[in-house]
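The values are calculated or read from the model by the stated rules, or taken from the named source; none is laboratory data. Worth saying up front: this structure is predicted, and the values here are computed from it rather than measured. Glycine gets a Cβ as well: all are built from the backbone with ideal geometry, and neighbour counts include every protein chain shown.
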Amino acid sequence: MRVVIGGGHGFIGGALVPHLRGAGHDVRLLVRRAPERADEIAWDPDEGTIDAEALRDADAVVNLAGVNPASGPLTTARKREVLASRVRSTDLVARTIATLGDGPRVLVQASGIGAYGSRGEALLDEQEPYGDTFFAHVVRRWEAAADPARDAGARVVHLRTGIVMGQGGGALGRLLPVLRLGLGGRLGSGRQFWPWITLVDEVRAIEHLLGTDVAGPVNLVTAPDRNADVVAALAHAMHRPALLPVPAWTLRLALGDFSSEVLGSVRAVPTVLDESGFEPTHPDLASAARWVVTAR
């Protein structure tokens with residue numbers, strides 16, 4: 001399969017590109033500069049430009065582009081940037097696919113588990129409505145931006161990704177070093193549900209969805225476990241204690257509005273992914289934690 005990827009240098013994209021190439025797929029990358037290699041295609045979502053003809057012979061597009069909301073204070077200006085970066089890139093790809101009658105017929109589009117907002121103990125499958133938080137609003141706009149491709153007959157998949165467990169980035173990027181020092185613990189009450197998936201299974205699931213007749217939102221999670229259990233499993237795999245909880249007020253002070261994503265409870269389950277026949281490499285928290293702490 002010939003696959004074009006936007007956001008191929010991020011935490012997930014950086015793992016997805018070699019995975020797909022290793023599986024025999026022809027992968028090309030969207031880049032925000034003049035292409036330097038045959039496998040690069042120019043685009044600029046801020047300017048609304050893309051080399052559409054270079055997409056014509058692709059089978060699918062995977063768009064993972066978007067500003068990392070955890071990479072800086074979530075100010076009002078930052079919120080606008082987070083939303084705009086997602087909507088603009090998605091709209092550009094979707095409109096381009098719509099204009100290419102013989103172009104890509106599949107769009108696998110990044111999204112987020114924040115679609116549901118914080119919902120406590122409720123089990124959340126893909127049929128649940130959007131929540132009313134800032135990130136739920138972002139996801140609503142983000143997913144709607146793919147409508148031109150859907151309206152043109154393309155199969156559109158929305159990757160509602162949860163907590164991606166891996167080293168070197170993602171939601172655990174700041175937590176793992178603290179746990180290695182034996183200074184970590186639950187965040188807030190620790191009773192909030194964190195829907196997690198390992199980086200290995202994240203990229204495997206994306207490849208699976210490229211070739212599976214699934215459309216619409218897909219919860220890219222393996223299981224929802226309580227934050228205290230996730231932290232304890234990681235600490236146990238490191239042979240470290242996890243006895244120093246971080247109070248909720250500290251997280252709110254340090255993270256501002258982004259603390260809602262850390263302290264909120266999203267008990268999302270992978271109903272669509274399970275029904276599509278996907279089987280995770282790391283099906284439980286213990287095996288996931290062991291992989292995370294030993295991965296290189």
Checklist entry - Can you pull out the residues in the stretch 68-85 that are surrounded by 14 or more Cβ atoms within 10 Å (Cβ to Cβ) and either touching a strand residue (DSSP E or B) at 6+ places or on another chain (Cβ under 8 Å) or hydrophobic (A, V, I, L, M, F, W, C) (or both)? => result Ala70, Leu74, Val82, Leu83, Ala84
Checklist entry - If you scan the stretch 253-278, which residues turn out to be among the hydrophobic types (A, V, I, L, M, F, W, C), out of contact with any Pro (no Cβ under 7 Å at 6 or more places or on another chain) and in contact (Cβ under 8 Å) with a residue 40 or more places away in the chain? => result Leu255, Val262, Leu263, Val272, Leu273, Phe278
Checklist entry - Out of the stretch 19-32, which residues are in contact with a strand residue (DSSP E or B) (Cβ under 9 Å, 6 or more places away or on another chain), under 19 Å from His208 (Cβ atoms) and not basic (Lys, Arg)? => result Leu20, His25, Asp26, Val27
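Residues checked against (1) surrounded by 15 or more Cβ atoms within 10 Å (Cβ to Cβ); (2) at pLDDT below 95; (3) of a type in the set (D, E, K, R); (4) assigned to a helix (DSSP H, G or I):
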{"residue": "Gly256", "(1), (2), (3), (4)": "no, yes, no, yes"}
{"residue": "Asp274", "(1), (2), (3), (4)": "no, no, yes, yes"}
{"residue": "Pro280", "(1), (2), (3), (4)": "yes, no, no, no"}
{"residue": "Ser287", "(1), (2), (3), (4)": "yes, no, no, yes"}
{"residue": "Arg296", "(1), (2), (3), (4)": "no, yes, yes, no"}
Checklist entry - Among the numbered criteria (1) modelled with pLDDT under 95; (2) more than 21 Å from Gly169 (Cβ to Cβ); (3) in contact with a helix residue (DSSP H, G or I) (Cβ under 6 Å, 6 or more places away or on another chain), which single criterion is violated by Thr75? => result (3)
Checklist outcome for this item: Residues of the stretch 55-73 being over 21 Å from Ala145 (Cβ atoms) and either in contact with a Leu (Cβ under 6 Å, 6 or more places away or on another chain) or of a type in the set (A, V, I, L, M) (or both), in sequence order, are Arg56, Ala70
Item to check | Number of the condition not met by Trp194 [criteria: (1) farther than 25 Å from Gly264 by Cα; (2) in contact with a helix residue (DSSP H, G or I) (Cβ under 6 Å, 6 or more places away or on another chain)] | outcome: (1)
Checklist entry - Looking at Thr281, Thr250, which is the one that is β-branched (Val, Ile, Thr) and without any contact (Cβ under 8 Å) to a residue 60 or more places away in the chain? => result Thr250
Next on the checklist: For the stretch 127-211, give me every one of the helices (runs of 4 or more DSSP H) that falls completely inside it and has 2 or more residues that are over 20 Å from the mean Cα position of the chain (by Cα).
Outcome noted: 147-151, 175-180
Item to check | Filter result for the condition that a residue is surrounded by fewer than 18 Cβ atoms within 10 Å (Cβ to Cβ), in contact (Cβ under 8 Å) with a residue 60 or more places away in the chain and not aromatic (Phe, Trp, Tyr), over Arg155, Arg140, Arg191 | outcome: Arg191
Checklist entry - Does the stretch 41-53 include one or more residues that are buried (at least 16 other Cβ atoms within 10 Å of the Cβ) and among the charged types (D, E, K, R)? => result no
Next on the checklist: Here are the criteria: (1) under 16 Å from Asp44 (Cα atoms); (2) surrounded by fewer than 22 Cβ atoms within 10 Å (Cβ to Cβ); (3) over 20 Å from the mean Cα position of the chain (by Cα). Tell me which single one Ile97 does not satisfy.
Outcome noted: (2)
